[in-house]
Structure formats: structure tokens, C-alpha cells
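The values are calculated or read from the model by the stated rules, or taken from the named source; none is laboratory data. What you are looking at is a predicted structure, and each value in this text was computed from that prediction instead of being measured. Note: ideal-geometry Cβ built from the backbone for every residue, glycine included; neighbour counts use all protein chains shown. Keep in mind that these areas ignore ligands, DNA and RNA; they rest on the heavy atoms of the full protein, side chains included. Shrake-Rupley method; radii C 1.70, N 1.55, O 1.52, S 1.80 Å.
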Amino acid sequence: MTSRAVPLHGGRVLAAAPARFNMVGVHWRGTGTVRFRTRSAAGRWSAWQTGDADTAPDRSSGENRLRSWHLGNLVWTGASRAIRFRTVGAVTALRAYYVWSPPELVPMRRLALANAPPIIPRLSWGANESIRREPPHYAAAVAFAVVHHTAGTNNYTEAQSAAIVRGIELYHVQGNGWNDIGYNFLVDKYGQIFEGRYGGIDRPVVGAHSLGFNSGSVGISVLGSYDASPISAAAKSALEQLLAWRLDVAHVDPLSTLTWPSGGNPRFPTGIPVSLRAISGHRDTNFTDCPGDALYAELPQIAKETAALGLPKLYAPVATGKLGGLLHFTAHLSSALPWTVAVANPAGATVAQGTGSGASVDWTWDATLAAAARYTWTIAAPGVRSGVGVLGAPAVPLAVRDAAAKPAVIAPGGDTTAVTYRLTAAATVTVKLLDAKNRPVSTLFSEPKTPGVHTFTFAAQSGLPNGAYTLQISAVDASRKSASAVVPLTVDDTVGSFSAAPTVFSAARGGSVAVTFTLMRGPVTVALQVLRGKRLVAAPVTGSYGVGRQSLLWRGTLASGTVAPDGGYTLALSVTDAVTIFTRTAAVRLDSTPPKIAVLSYRALRFRLSEPVTLTLVVGSSRYTRVLKRPGTVRFALGTRPRAYRLIAVDAAGNTTSRRYPRR
């Protein structure tokens, strides 16, 4: 992607463009609008196109990093070499983003989930996972779908669809500054369905597709422009199958309506209740022409056909009331069926059950005497996706316990630490990195977690300044109760390229192990210590060292000067600088004992070895070698039995045993 500022010299501008591009997006400031046209490689100018600025993350999401700019959609232009702009009204600044996204022949592996249509995952269409800014955020549930179109030309091939999706991801993240691609799914005119925003296709991932209405919705965009042209039959079928499956996962009736509070946009201020259909068009939520007049007109029929797919279905399963009183369970089915409501305790045993028949589920549990615990309820009927929920207080109060990071000191640009914590109850966990003044640096993730021990890996990014940091682990359960814990962490790049070699050596052969590292600043105090388990057995080096490559030796001796016994040891390099004291460790093994050879059969050339070795049989000028990865027996099968031979066994530390044998 290439970004260029466009000089404004009046209403029309012929701007300098890269040598080639096939997608264009525009950002502008001011109350006016921007239009553009492109010239193809064959020299033909396209019709004027608008740089719509309607797709956006919610204002509360933290993704609005360019709030003073209008962010236009990325438009597929096909291979182009020139561009002209036209501004209408007050436009004070204009920036163009040119993307060249060539088609690639990649195997289009598709996800196979129960009852889901074939979906091309991010791995197959070539998503760049390294550019995602933050982990995904989740809503409580999906309540409705918003249908979009990406705009631009419909003149693209089936092989170019993945290139378009890759370009949109690049533009949304690196151009608009969003966390990831804005749409949850994308559908092309050939009926291909692409996984959009990262986080799980069957989970309520919050997208950046409909300003003020992202949380609680699933955003699906059809590649192309559908102002005058209807979508293709293949796209319509794929869109309906996707909507039927995704809304069924959320137990939403495609023909239902709802009232949803706006998160804030130019059309609907924050908190205003808005009447929507379960399958709405983008223009229902904001001032926009999206998804085009033709596609928008088809949405009622699309909803009808979607509702007829994959029957029977269960809609709107809900439990109301509290433990200690009456709990009311309701839902409705797409057709009359026998149904069952079951309530299970934390051990999984059914404590209450109700049955009935018909299209309406309606059952009440008298939970007056129910013990305080966390219960799971299920509404089931033959052939439908069951509705599942939880109720009651957690068996134990929500808490985040035993939080720790190992190691607690890491270097930026590659080092990682394993962070472990224990959650006493199910909750949504958010982890943030705070600096020494408790100011947020970044959000690592925000995800629902089950009770128990959890571990995640934190990597200090390149450029993160040295100093003290805190990992803040916050948990919020379904009743909005919260708990938190903090993990101290130090980032320090004083030591780099730490290694120890060899990892196995023999003191009997005069061997040693070298601990090698690079000091990025100095002088600092360095101590090399040797531990057997948790016991300090030697401290061969202590001193002050300056900037540069350093190498320290341990020759396999104890503090007393005697040779250390065979076994495993830990080499601990401790460094004291202006920021902290930290330790890097490496495991090594001392082996000064030569391997033992036991002859099982001189004639059959069968031998037993006491440890893993490289074993060589020497017969005259011929050599035959076997590599044993574990202690055991080995046999050499030769055509002629030798009169005499020699065996040479060498272990990983270089200890050697050599034996000569006559024929017997």
C-alpha cells in the first residue's frame, strides 16, 4: 500500500499515482465530499465514484485513531495507472491510499462446521496476522445482522476475490488504524464466503463495519457495488446460507424485529433506541447508501428465504427470574415440536426438568429452595440447535489468584514470558500492559474465560523502553462483579543473544561449557553461578563487564575445586544494571563417564550399550556405524563374519570407549 497526500487546486485534480494499483481508498478533512475516477492499463477512464465514509468502529472501541478524518471505503478499480479527483464542498485535506493486491494461486481450504456453509478461513485467503493491533473484543451475543457492499467495480474474477479481501484488511489496519479488517464476513459474486475479523466465526466478535451498531451485530459485506445491479444468484445463495447458519448460532429469527440502542453516530445519537430488522441494511443504522439500492431492496426476500433454510430452529431462548424464587423459561420454535427444559447443577446432575409440545416453550421452575450455585439450563427439541445459558451466583466469589510471570524480566524485540493466573469463576478477562505510572500502554486481549488456571504468553515488542511495567489482569462476570490482579514485569535489553554451548560436556576430557551473551550497555556487574537443583555448588565468575560480546566458562568443577559429579546443572547468569537485577538460565549436563559395551554375541555381532552413543564397527579398512538414541542393544548384519574387529562408542559428551575383539 502506498499513501500520498493529494494537493488541492480547485474542484478537479489529476494526482500522481503509483505505476500500478488495483484498489483505492481516500481520507479527507472538511464538510465536503470526494469523488474519483481511475484510468485502466488499457487507457480507459472509469465512471466517477464516491469515496463513501460510512464504515467505522464504535466510538467507545478505541479503534477510532483518525477521528478528525473521513475514512472512505477501499474500492476495487482493477489494474489502473492514473487517477483524477473531484471535490464537492469544503475539503481541506485529501490523502489517497493505493493498494496493489495481485491474485495468488493458494489452496482455498474451507472451514467445516456443523450446518455452516463452506467458509474460506483467514489462513487460506492470506490474512496478515502480524499487523493485527489488538486481540478481538466480544459482545454478549449476536442480536442482528448488518448487510453491506464494498462498493467499486463488480468486474473482478473469482481468483481476484481473495486479493480484494487482503487489500481491505491492509487498508483497514494500516490505513484507517483499526485493529483488524472491519467486516465479520465477506461474500463475493461467485458465492465464496470469506472469514473476516479474527476471533472465531461462531463467536460474537465486535467488528468495525457499522458506526454505533457494531457491538451485538454481525457485519457481512458483498464484494462490489449494488446501487443498480442486483447481486448474483451465487452471492445471494451464499449470503442466505451464511445468514441462516450465523443467526441460528445466535438463536435469532431472521424475520424478527428488535429495538437496539445506538452507540452514537451522525444519524442516531448515543442511547437512542432504533428499530431494526434481524437482517438490516447498513443504511438502516446511519446516513449512507450502503448496501446499494438494488441489494437493499432484496433484503426482505433474502430474510424470507433465509428463514426457510435449515429448519427446524429454536429462537430467543431466555430465562428470567432469580434463584430463591420462580424462574421462567421461554422460547419459540419454527414449528410445533416436543420440547424439554432441563436445569443442571455444577456437578452436571439434572435438578429440574419440564417438558411440553408446540411452537412456544413456556415453563417455570420453582427455585425457592435451590442452593446457591451456578446452574446451567438447556432448552432442547428434536433436530434443533439447543439453547444454553447459566443462572445463579457463582459457587465461589470471583477472584483472580496466583498471578505470576516467569521470567519476570524480559528484553524487547523477541523475549517472552509465560503469565499464569487462576480464575475462581467464569468471567470476561481483560489484560492490559501499564507503564511505571500506571498509564495504559496496550491491551493484550479481552476474552471470556472459564474457571481454572490460564496461561498466556507476553512478548515485549521492539522499541518498548526499558523500565518497570505491570500486567493488569481484570475479570468481570455475568453479574458485572469484578476482580483483578497485577503482575510486575521488567523490560530490560541490557543482555542479548544469551546462549550456552555445548549443553553436554565431559570434564574428564578437559571439556567446558561457554555461556555467551552480548551486553548492550555497561559497565554492569555479572555473576555466573552453577546450581544442582536449587543448591548453589559453584560461582566461577563475578566481575564488572562492559559493552560487547562476552563469554564465560565453567569447566565442570565445584566450589572446592574438585570435579563435579555427573548429572544435570543449571547455569545462572545474573546481571545488575541501573534498572534491575535479572537472571538468564540454561540447562546443561555433565557427563565424564565413558559408555559401557557389553558383548551379547561375538559371532552374531550383538552388543548392549549403557547410554545413547554413536557406535562404529571397524573391520579392516571398512567402517559400519549405528546411532543409538537410547540405551539398548544393537546388531551388525554383515555378509561374512570377521575374524577380528574393533568397536568404538562415543557419547554426546565426547567420552569414548574402544574395544578390540578376536573371532571366537
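The figures follow:
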item	result
For the chain, alpha-carbon Rg relative to the globular expectation (2.2 N^0.38 Å, N residues)	1.29
Per residue solvent-accessible surface (Å²) - the range 60-190, probe of 1.4 Å	40 Å²
Carbon/sulfur fraction of accessible area - the range 21-67, other protein chains in place, 1.4 Å, %	45 percent
Prolate/oblate/rounded label for the range 38-171 (Cα gyration tensor, a/c 1.5)	oblate
Under-23-angstrom lysine pairs by C-alpha in the chain, whenever the two are 8 or more apart or on separate chains	14
With all protein chains modelled, accessible area of I201 [1.4 Å, Å²]	20 Å²
Label-point separation, E104 to T320 (7 Å along Cα→Cβ), nm	5.2 nm
Only Lys, Arg (+1) and Asp, Glu (-1) charged, at Cβ; the chain dipole about Cα centre in debye	3660 debye
Where T87, T417, T350, T576 fall by accessible area, highest first, once all protein chains stay in place (1.4 Å)	T350, T576, T87, T417
Solvent-accessible area of D366 with every protein chain in place, 1.4 Å probe, in Å² to the nearest 10	100 Å²
Debye intensity ratio in log₁₀ form over the Cα atoms of the range 462-598, taken at each q of 0.11, 0.13 Å⁻¹	-0.54, -0.67
With every protein chain in place, the range 449-533: carbon and sulfur % of accessible area (1.4 Å)	51 percent
Accessible solvent surface per residue of the range 455-592, calculated while the other protein chains remain in place, 1.4 angstrom probe, Å²	49 Å²
Structure-based [θ]222 nm, the chain - -39500 (n - 2.57) summed over DSSP H runs of at least 4, per residue, nearest 500	-2000 deg cm²/dmol
Neighbour net charge for Y569 - beta-carbon separation under 13 angstrom, K R +1, D E -1	+3
Mean accessible surface per residue for the range 224-354, computed with a 1.4 Å probe while every protein chain stays in place, in Å²	42 Å²
Ratio Rg/Rh, restricted to the range 572-644 and using Cα atoms, in which Rh is the Kirkwood radius	1.36
Square roots of five times the Cα gyration tensor eigenvalues for the range 351-443, Å	44, 17, 12
Virtual spin-label span in nm between K406 and S237, 7 Å along Cα→Cβ	5.6 nm
Sparsely packed trypsin sites (Lys or Arg not before Pro) within the range 516-577, loop by DSSP, other Cβ within 10 Å at most 15	R521, K534, R555
Protection proxy ranking, peptides 233-239, 536-542, average beta carbon neighbours within 10 Å, highest first	233-239, 536-542
